[in-house]
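Data first, discussion second: the structure below is written as structure tokens.
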Amino acid sequence: MSRWRPPQPKSSPYITKPGLAALKKELKYLWRELRPEVVRALSAAAAEGDRSENAEYIYRKKQLGEIDRRVRYLSKRVDEVQPVSGQPDNPDKVFFGARVTVDETIGDGQLTTHCYWIVGADEVEAKTNRISIDSPLARALLGQALESEVDVSTPDGTRSLVIIDIEYPG
């Protein structure tokens, strides 16, 4: 049995301007600050002698590899993403960058309100309800108008949502 897996499908190339700035900031930090620090620590660990049993050397080599992998990914990603800014022609419909507020009726008839911000795959953050444009929820909401009822299939069953507000943060 092999460990090979087919490559994941490419995520959408869209990103908000603050998201692109954050990627560039992380790339700059990794390349100019963190990597030189790790290289110095690796050199110091290598100077201690026998590398095969030197835990510090092994750890720093692994850390340097992780930094280099992330730098390669960010360098490619920054070149291929397309920043999206401004409001769409029809701000009454859900498009990329929208902050959408929805009402959901839970099984016992109780109404709950959720707010989601549709962003690029590199900006997803559960704490702030930023969801990827590639997610099933975002795909169901895209193109829908205010007061529309949207059904979203989830592993727990179908969720029925009503869009109560659409805004495009500046």
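The values are calculated or read from the model by the stated rules, or taken from the named source; none is laboratory data. All figures in this text were calculated on a predicted structure; none of them were measured in a lab. So basically every Cβ, Gly included, is an ideal-geometry build from the backbone, and we count neighbours across all protein chains shown.
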Under the condition of being under 13 Å from the mean Cα position of the chain (by Cα) and of a type in the set (A, V, I, L, M, F, W, C), which residue from the range 6-24 is surrounded by the fewest Cβ atoms within 10 Å (Cβ to Cβ)? Ala22
Just one of the numbered conditions (1) modelled with pLDDT of 95 or more; (2) exposed (fewer than 13 other Cβ atoms within 10 Å of the Cβ) is not true of Thr128; which one? (1)
In this structure, does Ser85 turn out to be within 18 Å of the chain's Cα centre (by Cα), loosely packed, with under 13 Cβ neighbours inside 10 Å and either outside the structural domain of Arg40 (by TED's automatic domain parsing) or of a type in the set (Ser, Thr, Tyr) (or both)? yes
What's the total number of residues in the range 76-101 that are part of a helix (DSSP H, G or I) and acidic (Asp, Glu)? 2
Scan the range 148-164 and report the pairs whose first residue is under 10 Å from Glu104 (Cα atoms) and whose second residue is surrounded by 13 or more Cβ atoms within 10 Å (Cβ to Cβ) and modelled with pLDDT under 85, with Cβ atoms within less than 7 Å and a gap of 6+ or a chain change. Ser160/Thr105
How many residues are without any contact (Cβ under 8 Å) to a residue 40 or more places away in the chain, closer than 23 Å to Asp79 by Cβ and surrounded by 11 or more Cβ atoms within 10 Å (Cβ to Cβ) when one looks only at the range 27-63? 4
Quick check on my filter: what residues within the range 119-141 are assigned to a loop (DSSP other than H, G, I, E, B), in contact (Cβ under 8 Å) with a residue 60 or more places away in the chain and over 18 Å from Thr154 (Cα atoms)? Gly120
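Got a sec? Which of Gly143, Gly157 is loosely packed, with under 14 Cβ neighbours inside 10 Å and more than 29 Å from Val81 (Cα to Cα)? I'd like the intermediate steps shown before the answer.
On the way: Gly143 fails: more than 29 Å from Val81 (Cα to Cα).
One residue alone meets the criteria, Gly157.
Residues that are on the phi > 0 side of the Ramachandran plot and modelled with pLDDT under 95: does the range 8-30 have at least one?
The answer is no; no qualifying residue exists.
Could you check the range 1-58 and list, in sequence order, the residues that are part of a loop (DSSP other than H, G, I, E, B) and either among the polar types (S, T, N, Q) or under 30 Å from Ala98 (Cα atoms) (or both)? Outline the logic, then answer.
The first filter runs over the range 1-58 and keeps only residues part of a loop (DSSP other than H, G, I, E, B), leaving 1-13, 47-54.
Hits for the range 1-58 are Ser2, Pro7, Gln8, Pro9, Lys10, Ser11, Ser12, Pro13, Ser52, Asn54.
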Please pick out the residue among Tyr73, Tyr116 that is in a helix (DSSP H, G or I), among the hydroxyl-bearing types (Ser, Thr, Tyr) and either loosely packed, with under 15 Cβ neighbours inside 10 Å or not assigned by TED's automatic domain parsing to the domain that holds Pro36 (or both). Tyr73
